[in-house]
Amino acid sequence: MRAAPDPPLAQAAGLLARSRRGLAFTGAGVSAESGISTFRGEGGLWSKYDPVQTASLAGFLADPAVYWRVSQDRWQTYRRAEPNPAHLALAGLEATGHLTAVVTQNTDGLHRRAGSRHIVELHGEGGRVRCLDCGAEEPRAEVQARLSTELPPLCRRCDGRHLKPTVVFFGEGLPAAALSAAIELASSCDLLLIVGTSLTVSPAATLPALAVRRGVPVVMVNPEPTPLDSWADAVLRGPAGTILPALTRLVRGRGDSSPVL
Ligand code: OAD
């Protein structure tokens, strides 16, 4: 005899199966099982580094070398990271028409590598670097490669010392096009699947409210409590790399429920 599925998982699968414009909203937790540490909590990045010194615009302008020194470890981790079953499950749910897009706070590019097609990167993209003095851009890998002899790295066009990755630092605005795309998606989705975010950094953390206040079903995937749990129709407590594949299998098992594409 097969065990009955966990009720919240079954409930979430039913909601996803019925959705036609589902939206995934992800944070660092979705990449945790790819070996990329989250920001908050035990072992999080902010327990090792001061976010003001290493991830704020003011700190960066004061001394870009601090950022680049810290970046060396993190970059190696990013380069080694592969999409995990959570990224793959989200890409699969998009391919089968249950999700229309992923709005992510992550800058690691793993949703794209997993096969998600419609991705909104709210906090920018970590693979490129832009000179704040002259606007020249170059691939991040080239800048990281010269750090052993050049710290901070200098712009190849203007010799400026403010080469910054194209990710959003504290004190900067979000990329306007990404923010308006995310607002549009959160305002029109018919289900919100929130995965691996502490929902503590705004404006990103305010996006779910655009769905919640329309009464749209919310599914939460996180091993820890979040501020929106009481608004969620199903709270799936556990690692995304286990929960999302299980959810996908249940959604697919509901033979009558594939959206008409
Ligand atoms: P956080 O580090 O704040 O939160 C990560 C969340 O992932 C927590 O709620 C964890 O419980 C959860 N988590 C951990 N492991 C997980 C797993 N295996 N599966 C699912 N969830 C898991 O990361 P974010 O919410 O993404 O911004 O942080 C938001 C922003 O704060 C980041 O984009 C970054 C940071 O400062 C900037 O730097 C501008």
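The values are calculated or read from the model by the stated rules, or taken from the named source; none is laboratory data. The structure presented is a predicted model; accordingly, all values stated were derived computationally and were not measured. Note: ideal-geometry Cβ built from the backbone for every residue, glycine included; neighbour counts use all protein chains shown. Surface areas here come from the heavy atoms of the whole protein model, side chains and all, with no ligands, DNA or RNA. Shrake-Rupley method; radii C 1.70, N 1.55, O 1.52, S 1.80 Å.
Counting only DSSP beta bridges with both residues in the chain, what percent are antiparallel, rounded to the nearest 5? The antiparallel proportion sits near 25 percent. The residues of the chain have, on average, 47 Å² of accessible surface per residue, using a 1.4 Å probe with all protein chains present.
In the chain, the portion of solvent-accessible area held by carbon and sulfur atoms comes to 55 percent [1.4 Å probe, whole percent, DNA, RNA and ligands not counted]. Across segment 107-261, C-alpha contacts under 8 Å between residues 6 or more apart give a mean separation that, scaled by the residue count, equals a relative contact order of 15 percent.
Computed over the Cα atoms of segment 152-254, the ratio of the radius of gyration to the Kirkwood radius (Rg/Rh) comes to 1.12.
Taking the alpha carbon gyration tensor of segment 1-145, multiplying each eigenvalue by 5 and rooting it gives semi-axes of 34, 18, 13 Å, largest first.
Based on every Cα atom in the chain, Rg and the maximum pairwise Cα distance Dmax equal 19.4, 70 Å. The relative contact order of segment 7-107 comes to 44 percent, based on Cα pairs under 8 Å that sit 6 or more residues apart.
For segment 222-232, putting each phi into the Karplus relation 6.51 cos²θ - 1.76 cosθ + 1.60 with θ = phi - 60° gives couplings of 6, x, 10, x, 10, x, 9, 4, 6, 8, 7 Hz, in residue order, rounded to whole numbers and with x for Gly and Pro.
What longest region of the chain stays clear of GluC sites (Glu not before Pro) that DSSP places outside H, G, I, E and B and that have at most 15 other Cβ atoms within 10 Å? Free of exposed loop sites, the longest segment is 43-149.
Summing +1 for each Lys or Arg and -1 for each Asp or Glu among the other residues whose beta-carbon sits under 12 angstrom from that of residue 16 gives +3.
Modelled spin-label separation between residue 184 and residue 20, with each label point placed 7 Å from Cα along the Cα-to-Cβ direction: 1.9 nm.
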